[in-house]
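Peer 1: Handing you this structure, nothing more for now.
Computed from the coordinates by the stated procedures, all read-outs in this text should not be read as laboratory data. Predicted model, so just to flag it, every value in this text is computed and none were measured. With ideal geometry, Cβ positions are generated from the backbone for all residues, glycine too; neighbour counts draw on all protein chains shown.
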Amino acid sequence: MDVTELLTAQHRQVDALFERYATAADTDAKAAIAREIVTLLAKHSAVEEIEVYPAIGEVVGTATEEVLNEQHMHLKRILADVEHCAGGDERMDQLVGDARAAVRAHVAVEENEVFAAFRAQVDDVTLRELARKVEDRWDRAPTHPHPNQPPANRVTGPVVGLVDRARDAFRREERSSS
Ligand SMILES: [Fe+2]
């Protein structure tokens, strides 16, 4: 699998989660799906920023890389708000809707323009190698959005990922003991 196929498959996974959210039966189910959406998008954004965007910057151009990072920043701000009302708050429907719109716009740019331009200029071996790097990075990627930090990179990504997972473990414990 090449990296653009892998990332496109992740986009479809996110679409499916948004669809499940839209048809969820109650606020508890919605809150659980919203958490899944936040985690998946936080990880997806981080692996793109760390492993893929620098390569896109080199090949397609740094202006494109900047646009993609700005779109991520906008999305992460919304995701941080979603996280803060993940207890079934009535604002959640609105925020999840905003996140869906931001994802749709970002995915359109990536899938219709950037990935095609990137694939046209990079050989298959490199595309497969990048996919392997994304997969390797996945389990160490941050699980929460960090809108106040610059795009994740190879130095900060693993550290932030470690802190996020400690936070996740603590919250799981809290939920199971309440
Ligand atoms: Fe993406």
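Peer 1: Kindly indicate which of PRO150, PRO145 is outside any helix (DSSP H, G or I), within 16 Å of the ligand (Cβ to nearest atom) and not small (Gly, Ala, Ser).
Peer 2: PRO145
Every residue, every condition in (1) exposed (fewer than 14 other Cβ atoms within 10 Å of the Cβ); (2) within 11 Å of the ligand (Cβ to nearest atom); (3) more than 15 Å from the chain's Cα centre (by Cα); (4) closer than 30 Å to VAL60 by Cβ, yes or no:
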| site | (1), (2), (3), (4) |
| --- | --- |
| ASP2 | no, no, yes, yes |
| HIS11 | no, yes, no, yes |
| TYR21 | no, no, yes, no |
| ALA29 | no, no, yes, no |
| ARG35 | no, no, no, no |
| ALA42 | no, no, no, yes |
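Peer 1: Does any residue of region 60-74 turn out to be in contact with a Gly (Cβ under 8 Å, 6 or more places away or on another chain), closer than 20 Å to ASP123 by Cα and without any contact (Cβ under 8 Å) to a residue 24 or more places away in the chain?
Peer 2: Yes - at least one qualifying residue is present in region 60-74.
Peer 1: Now for a separate question. Taking the stated definitions as given, is VAL59 among the aliphatic types (A, V, I, L, M), buried (at least 19 other Cβ atoms within 10 Å of the Cβ) and over 25 Å from VAL96 (Cβ atoms)?
Peer 2: No; evaluated as a whole, the condition is false for this residue.
Peer 1: To continue, here is another question. Can you tell me which of ASP136, ASP124 is touching a residue at least 12 places away in the same chain (Cβ under 8 Å), surrounded by fewer than 18 Cβ atoms within 10 Å (Cβ to Cβ) and either more than 16 Å from the ligand (Cβ to nearest atom) or closer than 16 Å to THR8 by Cβ (or both)?
Peer 2: Just a single option satisfies the conditions, and that option is ASP124.
Peer 1: For region 90-121, how many residues meet the condition of being within 13 Å of the ligand (Cβ to nearest atom), crowded, with 16+ Cβ neighbours inside 10 Å and not aromatic (Phe, Trp, Tyr)?
Peer 2: 6
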